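Written out below as structure tokens is the structure these notes cover.
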Amino acid sequence: MRFRRLELVRYGGFADRVFDFGTGGPDLHLVVGPNEAGKSTALQAIGDFLFGIPGQSRQNWRYDYKQLRLRALIEHDGDLLDVTRRKGNLDTLLAADGTPFKIDPLPPLLGGIDRAGFERMFGLDHTKLREGGASIIGGRDDAARITLEAGTGVSHIGSELARLTDAASALFKPGGQNPPVNRLMRERSEALAKVRQTSISDADWTQARQRRADAEARRTALIDEAEALDREQARLDRVGRARAPFARLSAARAELVGLEELPTLPQDVGAQLATLRADRVTAVELAAQAKADLARVEEAIAGVERPGIILSEQERIEALEEQRPVIAKAAGDLERRRAELDRIDAKLAAALAEARIAPGQPIPSAGWRRRAATHLDAVRELKAREAAVEKERVKLVRDRAAIERDLATVSGTVDPADLIAALQLLPADAETRLAEAMMEAERKRTLAAERLSDLAPWQGSAASLRTLAVPTEAEAAAVRGSAEAAKSNAAGGRKDAEAAETSAIRAGARLKGLIAGGTLPTPDVIAAARQQRDALVSRVRERLVVPHLSDDDGIGGALGQSITEADQLADRRDAEAARVAEYVLTTVALDEAKALAAAAHRREERYQAALDLVEQGWTDRLQMLGFERAIAPADLSGWLTKRVAALEADRDAGSAELALKEMTSRFVEARAAIATALSAAKGPVATAENANLVSLASGHAAALTTAAASRDRLLAHSATVELASDELAVEVADLARARVALDQERAGLASEAALPADASETVLADALDAIAHVGEETGARETIARQIEGIERDRSAFNTELGAVLAELQVTGSADKVDHVRQLAASLRASIRARDALASLEADRARIAGELDQAVRRLDRIADAIDAMLHAAGTTDEADLDGIIASVSRRDLLRATERGALDELAGGDNGAGLDTLATEIADLSVEDASSARARIDDRRREVAADREIVGRTLNAADEEAGRAASESTAADAQQTAFETTAALAQAAEEHIQAASAAALLRWMLDRHRTTNQAPLIARAGVLFAEVTGGAFTGLTVGYGDNDRPIILARRSDGGEVGVEALSEGTRDQLYLALRLGSIEGRAGAGSLPIVCDDLLITADDGRAGALLRVLAAASAHSQVIVFSHHAHLIDVARNAVGSDGFRLHTIEPIGALAA
């Protein structure tokens, strides 16, 4: 693509600045302007047009964001695209008619390149050129790296690859011991082994792990089910989005079934047919008009009389006719000349007498005559000056009187300054501004109401909102922290209670197991048996002192049994010491578990009460502030943001209303001031409410201004008249002095010519005239004598020529030669008119015949074109053609609808095809979809609840595992395992990132080496030879010490050198050649303009010329735009590529443009 024209409509400091890059070659453009002329602005405009004006653009210092506009005519593959870019978030590209493009037309032209890629790939400046030359030295041992960096504009690929490789190796090495990943893996394995060795038994550990595994499996199942619900939701959304376009597609295809057999016609065939029919009507009318005109001309030709033989003597007759008046006059002139000759002779004698020159006396000298003539001229000039002075005096007197009269008429004029100042208080567009201010105030008040409604569930006015003592985010965070702490503590208490109850259940079960094996010889049991034995012994002793009783035997047997049981318990005490100890410990554990459970329940109740208190306090506080229902503390930040927006909107609305009120007041005051000033200026009577007040005041101010200007003009004229009067008095004195000097000169001349001493100017003039007359009459006599001779000679030649013409015409001459010539001339003019009329008519006939032929041929072409349309439409009747065209247009519209629907459905079939999508749409009604979404929402809530339960189970399992490792060694090992696992995950992530990035860079280099390196070096070699002026003939690829391909520059003598042997400037040229070669390889869909910014800032004229030649070569496949503030580059460019090899664009400073 290329820019044909770039227009900065409103951008930065520019307004309607057009860069016309023209059509065709050359496509190298040099844009030159001084600093601060806007060169950088124009450069940025190219990127902003292609990729959008950024949200925080700094180009709005002259125009608002909404006014920024960039327009361009873009050529691409033979098409011309007129695009306007505006500042905005949506629909920022506008067509020529101002409507937004439905589909962005620029991405296909950009070939997938974003702004960063464009600036890196197609943007060149001096810094990039120098960095590129330096990077060539850095990558001198890797040709692929050099070509990739130069071709993509991405510098330091090699150093980045080395950094990534070193970083990955520093984190992990196969078989290594010290790198962080290796070390952490070893420490984690050791810690886990120690946990297993020092924690609970394998059976309990297995049970705990099984419970956790079951919970994990349940959580995985719930996650899978949630993902399945998401997929089903996505399917419902996909089918819902596809329903409308699929309906359009089905309708279009159903209607297309009956239209597919129609012929293929041009898209504008209807317009073509209408044009042809209109042309046919015009051609028929033109043919009829031509036929009528041709008949009229033929009739006129038939009525013209053909000229005779007289035309053959046209030149001679015209010459005689030209001489005729002279010859006719010559007869009388001859007699007059002879009489004049006699008169002159008499006058000569009288003149000598008048000059008082006696016969034979010498005439005064020529010098005297010159002095006398000069004197008389001076006298006449003096008189003329005196007359002019007098005339000027009279004029000044008249002007002074007129000025005084005119001043009297304008002396009462009022100064219009106050009225003009009052008019300036009221802008010309005051009504428009007031209407806009009212609309703006209404819009901002509506926005303020919307922002206020966004604060629900809070209810109140904007005034109360300003003074509302809303909790701060810190207070909300404290409440949230207290609530979360209470929730956490309550949950912890609940978990502790559950754990304690579980421990109690286990202890109770263990006690039952211990008791099931028989009575345990615990100290309490032994003590009870001994106490029973001692009681029986006491009773036996009592019986020994009394007579024999009937139950003595029973008491004796009970005593013996009691002694036996007590002895047996005592005997079993040692044998079952471990069992007894376990029983005691289990009993203690049971009591402790019950106590812990009771304490945990009490703690849970206490924290739950605290949570309820916090939440109730938060709710009560918000309700006191006007909240219908409480919002969560976590949502307070968003509410506060909305509150700020609502307050800001209310302030804006208030400011707008205040501005409207101030504007209204200001305009009312301005109208009152105008009315007051108009009254003071003695203008038409009008009140401030009068609709025509401004026009009346403006008209009166204009009249007063005109009157004031007239008064000032009259005063200035009066001053001019007074000055002229003073100058006139000076000139009168000068004329008096000149008169005295001329009188003295006249006396001297009279004395020299022997004239009376008191001879006046008249006498002196008469003498001078008489003397001059003598000379004149002498010359006049000689002239008249020659004239008489010439007249006689001309009459003889005239008569001879007339006789010859009459002989040729075979006409007898008459006595009056002059009249005969007149008759011949009249006959000649009639013949000439007949000839010219005949020639004009014949030319008209030829022209009209040509027009008739053109009309006939035009009708034939129209008929052929309509026949071609009929043939293309498959009909022979023109009457059927309109219907066919309408059907074809309908078909094309349906096809466009089909394509649009297919574009909307693209990807909507999920890769299964439109038939499957149709089945899905048919099987899923709108009601079924709504029901399915409701079921999905319900199940999502159930899954979320189950996941929360599973999460608590996993937490309990983790806590059980933690308690299982409560021994000091196990706990330390467990903690070490946790810490090493976290550190290992972090280190492994860093290693994977570095290793992956390094692998990706190596893959890019290898791929570039195999696909682009050879053709790029070949293209760049040609450019390198050009840019170095033949010092190098090209580039080639060799191999370095490590057998890696390297770039070699081939000298003109055939020698090859590595890039490290090139000078700094030559490396810059090599980088430029590689970059341009890579861009040339992209020519096609991805070919974009190359933009250079002060690329040649440090280059001397020779290097700059060489670089310009390379850029000119690159312009054969890509448009090249070079920005510079160095005007001398214009001459460098002319010398390097010729005046026809580039186009010059100059940028004037913005201030100069504005001026």
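Answer with yes or no whether V821 is within 30 Å of L809 (Cβ to Cβ), in contact (Cβ under 8 Å) with a residue 24 or more places away in the chain, among the aliphatic types (A, V, I, L, M) and in a helix (DSSP H, G or I). Even if it seems obvious, please write down each step before you answer.
On the way: within 30 Å of L809 (Cβ to Cβ): yes; in contact (Cβ under 8 Å) with a residue 24 or more places away in the chain: yes; among the aliphatic types (A, V, I, L, M): yes; in a helix (DSSP H, G or I): yes.
The answer is yes for V821.
Does V414 count as surrounded by 14 or more Cβ atoms within 10 Å (Cβ to Cβ) and outside any helix (DSSP H, G or I)? Don't jump to the end; show me each part of the working.
Values: surrounded by 14 or more Cβ atoms within 10 Å (Cβ to Cβ): yes; outside any helix (DSSP H, G or I): yes.
So V414 passes the test.
Of all residues in segment 1126-1155, which are within 25 Å of R17 (Cβ to Cβ), outside any helix (DSSP H, G or I) and at pLDDT 85 or above?
If the condition is that a residue be within 25 Å of R17 (Cβ to Cβ), outside any helix (DSSP H, G or I) and at pLDDT 85 or above, then H1126, A1127, H1128, F1142, R1143, L1144, H1145, T1146 are the ones that fit.
Is it the case that segment 680-689 has a residue that's surrounded by fewer than 19 Cβ atoms within 10 Å (Cβ to Cβ) and assigned to a helix (DSSP H, G or I)?
Of all residues in segment 680-689, those surrounded by fewer than 19 Cβ atoms within 10 Å (Cβ to Cβ) come to 680, 682, 684-685, 687-689.
Now restrict to residues that are assigned to a helix (DSSP H, G or I): 680.
Scanning segment 680-689, I find at least one residue that is surrounded by fewer than 19 Cβ atoms within 10 Å (Cβ to Cβ) and assigned to a helix (DSSP H, G or I), so the answer is yes.
I'm trying to understand the selection: among the residues of segment 1017-1034, which are touching a Leu at 6+ places or on another chain (Cβ under 7 Å) and over 13 Å from A1106 (Cα atoms)? Break it down stepwise before answering.
We begin by selecting, within segment 1017-1034, every residue touching a Leu at 6+ places or on another chain (Cβ under 7 Å); these are 1017, 1020-1021, 1023-1024, 1027.
Of everything in segment 1017-1034, those that are touching a Leu at 6+ places or on another chain (Cβ under 7 Å) and over 13 Å from A1106 (Cα atoms) turn out to be I1017, A1020, G1021.
Given the structure, is S503 crowded, with 18+ Cβ neighbours inside 10 Å and either closer than 24 Å to H601 by Cα or more than 44 Å from the chain's Cα centre (by Cα) (or both)? Can you show your working first?
Working: crowded, with 18+ Cβ neighbours inside 10 Å: yes; either closer than 24 Å to H601 by Cα or more than 44 Å from the chain's Cα centre (by Cα) (or both): yes.
Against the criterion (crowded, with 18+ Cβ neighbours inside 10 Å and either closer than 24 Å to H601 by Cα or more than 44 Å from the chain's Cα centre (by Cα) (or both)), S503 qualifies.
What is the residue count in segment 22-32 for residues that are surrounded by fewer than 20 Cβ atoms within 10 Å (Cβ to Cβ) and touching a Phe, Trp or Tyr at 6+ places or on another chain (Cβ under 9 Å)? Don't jump to the end; show me each part of the working.
Applying the first criterion (surrounded by fewer than 20 Cβ atoms within 10 Å (Cβ to Cβ)) to segment 22-32 yields 22-26.
Filter again for touching a Phe, Trp or Tyr at 6+ places or on another chain (Cβ under 9 Å), leaving 26.
So the count comes out to 1.
Are any residues in segment 61-97 assigned to a loop (DSSP other than H, G, I, E, B) and either in contact with a His (Cβ under 6 Å, 6 or more places away or on another chain) or of a type in the set (D, E) (or both), and if so, which ones? Full working, then the answer.
Of all residues in segment 61-97, those assigned to a loop (DSSP other than H, G, I, E, B) come to 61-64, 68, 77-78, 87-92, 95-97.
D64, D77, D91, D97, listed by residue number.
Being assigned to a helix (DSSP H, G or I), farther than 17 Å from A886 by Cβ and modelled with pLDDT of 85 or more is true for just one of L229, L273. Which residue is that? Quick ask: steps written out before the conclusion?
Details: L273 fails: farther than 17 Å from A886 by Cβ.
Within the list L229, L273, the selection yields L229.
Within segment 473-480, does at least one residue satisfy the condition of being over 27 Å from R603 (Cα atoms) and touching a residue at least 12 places away in the same chain (Cβ under 8 Å)? Explain how you work it out, then say what you get.
Filtering segment 473-480 down to residues over 27 Å from R603 (Cα atoms) leaves 473-474.
Keeping just the survivors that are touching a residue at least 12 places away in the same chain (Cβ under 8 Å) gives 473.
Yes - at least one qualifying residue is present in segment 473-480.
Considering only residues that are in a loop (DSSP other than H, G, I, E, B), within 41 Å of the chain's Cα centre (by Cα) and touching a residue at least 24 places away in the same chain (Cβ under 8 Å), which ones fall in segment 871-908? Before you say what the answer is, go through the steps one by one.
So the first thing to find is which residues in segment 871-908 are in a loop (DSSP other than H, G, I, E, B), and the list is 874-877, 906-908.
Within this subset, residues satisfying the condition of being within 41 Å of the chain's Cα centre (by Cα) are 906-908.
Answer for segment 871-908, where residues must be in a loop (DSSP other than H, G, I, E, B), within 41 Å of the chain's Cα centre (by Cα) and touching a residue at least 24 places away in the same chain (Cβ under 8 Å): just G908.
With the structure loaded, tell me whether D214 is at pLDDT 85 or above, surrounded by fewer than 15 Cβ atoms within 10 Å (Cβ to Cβ), closer than 30 Å to A957 by Cα and not small (G, A, S) or whether it fails that test.
On the way: at pLDDT 85 or above: no; surrounded by fewer than 15 Cβ atoms within 10 Å (Cβ to Cβ): yes; closer than 30 Å to A957 by Cα: yes; not small (G, A, S): yes.
No: the conditions fail for D214.
Quickly run through segment 1015-1029 and pick out the residues that are closer than 14 Å to S1052 by Cα and in a helix (DSSP H, G or I). Before you say what the answer is, go through the steps one by one.
Step one: list which residues in segment 1015-1029 are closer than 14 Å to S1052 by Cα, which gives 1021-1022, 1024-1029.
Hits for segment 1015-1029 are G1021, V1022, F1024, A1025, E1026, V1027.
From A441, A509, A437, A448, which residue is in a helix (DSSP H, G or I), in the same structural domain as E605 (by TED's automatic domain parsing), of a type in the set (A, V, I, L, M) and out of contact with any Ser or Thr (no Cβ under 7 Å at 6 or more places or on another chain)? Write out each step before concluding.
Details: A441 fails: in the same structural domain as E605 (by TED's automatic domain parsing); A437 fails: in the same structural domain as E605 (by TED's automatic domain parsing); A448 fails: in the same structural domain as E605 (by TED's automatic domain parsing).
That would be A509, the only listed residue that is in a helix (DSSP H, G or I), in the same structural domain as E605 (by TED's automatic domain parsing), of a type in the set (A, V, I, L, M) and out of contact with any Ser or Thr (no Cβ under 7 Å at 6 or more places or on another chain).
Looking at A428 and the list (1) part of a helix (DSSP H, G or I); (2) under 25 Å from A681 (Cβ atoms), which single condition is not satisfied?
(1)
Do you know which residues across segment 428-447 are closer than 16 Å to T664 by Cα and loosely packed, with under 15 Cβ neighbours inside 10 Å?
A428, D429, E431, T432, R433, A435, E436, M439, E442
Go through segment 42-71 and count every residue that is crowded, with 21+ Cβ neighbours inside 10 Å and under 29 Å from G1138 (Cα atoms).
3
If you check R219 against the conditions, is it charged (D, E, K, R), in contact (Cβ under 8 Å) with a residue 40 or more places away in the chain and in a helix (DSSP H, G or I)?
Values: charged (D, E, K, R): yes; in contact (Cβ under 8 Å) with a residue 40 or more places away in the chain: yes; in a helix (DSSP H, G or I): yes.
Taking the combined requirement at face value, the residue satisfies it.
Count, please, the residues in segment 1-56 that happen to be part of a strand (DSSP E or B), acidic (D, E) and more than 26 Å from A1114 (Cα to Cα). Before you say what the answer is, go through the steps one by one.
Keep residues of segment 1-56 that are part of a strand (DSSP E or B), which gives 2-11, 14-20, 28-32.
Keeping just the survivors that are acidic (D, E) gives 7, 16, 20.
Next cut, more than 26 Å from A1114 (Cα to Cα) only: 16.
Result for segment 1-56: 1.
What's the number of the only condition in (1) surrounded by fewer than 21 Cβ atoms within 10 Å (Cβ to Cβ); (2) closer than 23 Å to I1090 by Cβ that V9 fails to meet?
All conditions are met except number (2).
Kindly evaluate A868 against the criterion of being over 24 Å from A254 (Cβ atoms), part of a helix (DSSP H, G or I) and among the aliphatic types (A, V, I, L, M).
Yes, satisfied.
Being of a type in the set (A, V, I, L, M, F, W, C) and either surrounded by 10 or more Cβ atoms within 10 Å (Cβ to Cβ) or touching a Phe, Trp or Tyr at 6+ places or on another chain (Cβ under 9 Å) (or both) is the filter here, so list the residues in segment 737-748 that pass it.
If we filter segment 737-748 for residues that are of a type in the set (A, V, I, L, M, F, W, C), which is where we start, we get 738, 740-742, 747.
Correct list: A738, A741, L742, A747.
Where residues in segment 93-113 are touching a residue at least 40 places away in the same chain (Cβ under 8 Å) and of a type in the set (G, A, S), which of them is surrounded by the most Cβ atoms within 10 Å (Cβ to Cβ)? Spell out how you get there, then give the answer.
Narrowing segment 93-113 to residues touching a residue at least 40 places away in the same chain (Cβ under 8 Å): 106, 108-113.
Those still in the list that are of a type in the set (G, A, S) too: 111-112.
On the way: G111: 15, G112: 9.
Step by step, filter segment 93-113, then rank; the result is G111.
Looking only at segment 461-481, count how many residues are assigned to a loop (DSSP other than H, G, I, E, B) and within 12 Å of A646 (Cα to Cα). If you could, list the steps in order and put the result at the bottom.
Keep residues of segment 461-481 that are assigned to a loop (DSSP other than H, G, I, E, B), which gives 461, 467-472.
Filter again for within 12 Å of A646 (Cα to Cα), leaving 461.
Total satisfying the criteria: 1.
Report, by residue number, each residue of segment 20-35 that is small (G, A, S) and in contact (Cβ under 8 Å) with a residue 24 or more places away in the chain. Steps first, answer last, please.
Residues of segment 20-35 small (G, A, S): 22, 24-25, 33.
G22, G25, G33, listed by residue number.
The values are calculated or read from the model by the stated rules, or taken from the named source; none is laboratory data. Quick caveat: nothing in here was measured; it's all calculated off a predicted structure. Here the Cβ is made from the backbone with ideal geometry for all residues, glycine too, and neighbour counts use every protein chain on show.
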